[in-house]
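S.K.: Please find one structure pasted underneath; my questions will follow.
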Amino acid sequence: MLKLDKITKYYEVPETTIRRTVLDELSLEIAKGDRIAILGPSGSGKSTLLNVMSSLDLPNSGTVKFDGEEISNYGSDQLAQFRNKKIGFVFQSHHLLPQLSLLENVLLPYLPEKDKAVKKEAEKRALDLLDFVGLSNQIHQRPGQMSGGECQRAAVVRALIHQPKLILADEPTGSLDKESADQLAKLFVRINEEQAVTMIVVTHSQELAQYMNRICRIENGKIKEQNT
């Protein structure tokens, strides 16, 4: 599904001739249905790698292919359309809007949609997904009335609302207590297995990584798979 071939990403240090290499000819293949954790120390390039995978950042050299098509050659409009249709994002902070209900937050990506039938179908999917993650009885509550774990589950639903092929999660359990983190990890497994969504999780957490079926470690711009 996703193939990174000899990806190099560097940044020029302002007002110097220094070039800081974050990803160094890194190659990685992710198959449809994979559930993969990417581990590494702070500053190792985990988030940069996730940004390159999602096309939020483009490599200086190398290619990124999604379903056999090279996305690193897309224009800005194509990249935006690719992200909107194919990828769901989950971050360390849930980024729910405090003034909106849980259901309204989940449906936020459909706010610009004019077609009433499409909106109705999206609401049905939202309700089904909220039931899937155990939040069907809280659809009218606002984020301030919910726990951190519940808010993060809602953020996962929002990431799934447009039926992406791939979920990219950046430290998704970083702000959660152990019980909530375990619940979220188990939810990721269910989504991967029952919703057939490929999942890539960047994390410091060995506990979360153990729920994945592949674990990779990034260090000094290189990546290496380790036995699970």
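The values are calculated or read from the model by the stated rules, or taken from the named source; none is laboratory data. Here the structure is a predicted model, which means the values were calculated and not measured. Here Cβ is always computed from backbone atoms with ideal geometry, including for glycine, and neighbour counts include all displayed protein chains.
S.K.: So in the stretch 191-228, with the set limited to residues that are touching a residue at least 24 places away in the same chain (Cβ under 8 Å) and basic (Lys, Arg), which one is nearest to Leu130 (Cα to Cα)?
M.R.: Arg214
S.K.: For Ala209, are the conditions met, namely being buried (at least 20 other Cβ atoms within 10 Å of the Cβ) and more than 22 Å from Asp24 (Cα to Cα)?
M.R.: Details: buried (at least 20 other Cβ atoms within 10 Å of the Cβ): yes; more than 22 Å from Asp24 (Cα to Cα): yes.
For Ala209, the condition - buried (at least 20 other Cβ atoms within 10 Å of the Cβ) and more than 22 Å from Asp24 (Cα to Cα) - is met.
S.K.: Under the condition of being in contact (Cβ under 8 Å) with a residue 40 or more places away in the chain, among the hydroxyl-bearing types (Ser, Thr, Tyr) and under 18 Å from Glu171 (Cα atoms), which residue from the stretch 45-63 is surrounded by the fewest Cβ atoms within 10 Å (Cβ to Cβ)?
M.R.: Ranking the qualifying residues of the stretch 45-63, first place goes to Ser47.
S.K.: Now a separate question. What are the residues in the stretch 206-217 that are out of contact with any Lys or Arg (no Cβ under 6 Å at 6 or more places or on another chain) and of a type outside the set (S, T, N, Q), if any?
M.R.: Passing the criteria: Glu207, Leu208, Ala209, Tyr211, Arg214, Ile215, Cys216.
S.K.: If you don't mind, there's one more thing I want to ask. Identify, by number, the condition in (1) in contact with a Lys or Arg (Cβ under 7 Å, 6 or more places away or on another chain); (2) under 22 Å from Glu219 (Cα atoms); (3) at pLDDT 90 or above that Ser55 doesn't meet.
M.R.: Every condition holds for Ser55 apart from (3).
S.K.: Can you pull out every residue in the stretch 167-211 that is assigned to a helix (DSSP H, G or I) and polar (S, T, N, Q)? Don't jump to the end; show me each part of the working.
M.R.: Just the residues of the stretch 167-211 that are assigned to a helix (DSSP H, G or I), to begin with: 178-194, 206-209.
Residues satisfying the conditions are Ser180, Gln183, Asn192, Gln206.
S.K.: Give the residue, chosen from Ser72, Ser76, Ser101, Ser42, that is at pLDDT 90 or above, hydroxyl-bearing (Ser, Thr, Tyr) and either surrounded by fewer than 21 Cβ atoms within 10 Å (Cβ to Cβ) or more than 26 Å from Leu208 (Cα to Cα) (or both).
M.R.: Going through Ser72, Ser76, Ser101, Ser42 in turn, the sole match is Ser101.
Conditions tested, residue by residue: (1) over 19 Å from Glu171 (Cα atoms); (2) not charged (D, E, K, R).
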residue: Met1; (1), (2): yes, yes
residue: Asp5; (1), (2): yes, no
residue: Leu28; (1), (2): yes, yes
residue: Ile38; (1), (2): no, yes
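S.K.: Looking at Leu56, Leu4, Leu28, can you tell me which residue is within 22 Å of Ile167 (Cβ to Cβ), of a type in the set (A, V, I, L, M), within 17 Å of the chain's Cα centre (by Cα) and in a loop (DSSP other than H, G, I, E, B)?
M.R.: Step by step, each of Leu56, Leu4, Leu28 is checked, and only Leu56 is within 22 Å of Ile167 (Cβ to Cβ), of a type in the set (A, V, I, L, M), within 17 Å of the chain's Cα centre (by Cα) and in a loop (DSSP other than H, G, I, E, B).
S.K.: Output yes when any residue across the stretch 67-74 is within 22 Å of Arg158 (Cα to Cα) and either more than 18 Å from the chain's Cα centre (by Cα) or in a helix (DSSP H, G or I) (or both), and no when none is.
M.R.: no
S.K.: OK, next. Which of the residues spanning the stretch 194-206 are surrounded by 12 or more Cβ atoms within 10 Å (Cβ to Cβ) and either modelled with pLDDT of 90 or more or under 24 Å from Phe66 (Cβ atoms) (or both)?
M.R.: Selection gives Gln195, Val197, Thr198, Met199, Ile200, Val201, Val202, Thr203.
S.K.: Give the residue that is farthest from Ser54 (Cα to Cα), with candidates limited to residues of the stretch 133-154 that are touching a Pro at 6+ places or on another chain (Cβ under 8 Å) and crowded, with 19+ Cβ neighbours inside 10 Å.
M.R.: In this case the residue turns out to be Pro143.
S.K.: Restricting attention to helices (runs of 4 or more DSSP H) lying wholly within the stretch 84-166, give those where 2 or more residues are over 20 Å from the mean Cα position of the chain (by Cα).
M.R.: Values: elements: 102-106, 116-132, 148-160.
Per the criteria, 102-106, 116-132.
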